[in-house]
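Trainee: Got a structure for you, questions after.
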Amino acid sequence: MSNVDMAELRSTVERMEERLMRDKREFAQRLIRGYNIVVQRFANDLDDERDQLLSRGGALMLAQELLS
């Protein structure tokens, strides 16, 4: 994956995280706490940044769906 693609992926995940973090509903706050736990596990278990970002993106998509 090129540096441009990685930068785009990183930017997308960061935007999704920001959107979730702005949500002040109680359920959203619970999802954020869970998300932060799995992000740490991704960091511990996955060596490749791309794999970590894709995993974070998947978790964020699930959180978005649960909040809709």
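Trainee: Residue by residue through segment 32-61, note down the ones that are within 11 Å of the chain's Cα centre (by Cα), of a type in the set (A, V, I, L, M, F, W, C) and surrounded by 13 or more Cβ atoms within 10 Å (Cβ to Cβ).
Mentor: Matches in segment 32-61: 32, 38, 39, 42, 53, 54, 59, 60.
Trainee: Identify the single condition in (1) modelled with pLDDT under 95; (2) surrounded by 13 or more Cβ atoms within 10 Å (Cβ to Cβ); (3) of a type in the set (A, V, I, L, M) that residue 16 does not satisfy, given that it satisfies every other one.
Mentor: With (1) modelled with pLDDT under 95; (2) surrounded by 13 or more Cβ atoms within 10 Å (Cβ to Cβ); (3) of a type in the set (A, V, I, L, M) applied to residue 16, the lone miss is (1).
Trainee: To continue, here is another question. Would you tally the residues in segment 53-68 being within 14 Å of residue 24 (Cα to Cα) and of a type in the set (A, V, I, L, M)?
Mentor: Qualifying residue count, segment 53-68: 2.
Trainee: Also, I was wondering about something else. If the Cβ limit is 7 Å and pairs must be 6+ apart or interchain, which residue in segment 12-39 that is free of Cβ contacts under 8 Å to residues at least 12 places away in the same chain pairs with which residue that is part of a helix (DSSP H, G or I)?
Mentor: Short answer, once both residue conditions are applied: 21/32.
The values are calculated or read from the model by the stated rules, or taken from the named source; none is laboratory data. Not measured: the values here are computed from a predicted model. Because the Cβ atoms are built from the backbone with ideal geometry, glycine has one as well, and the counts that use them run over all protein chains shown.
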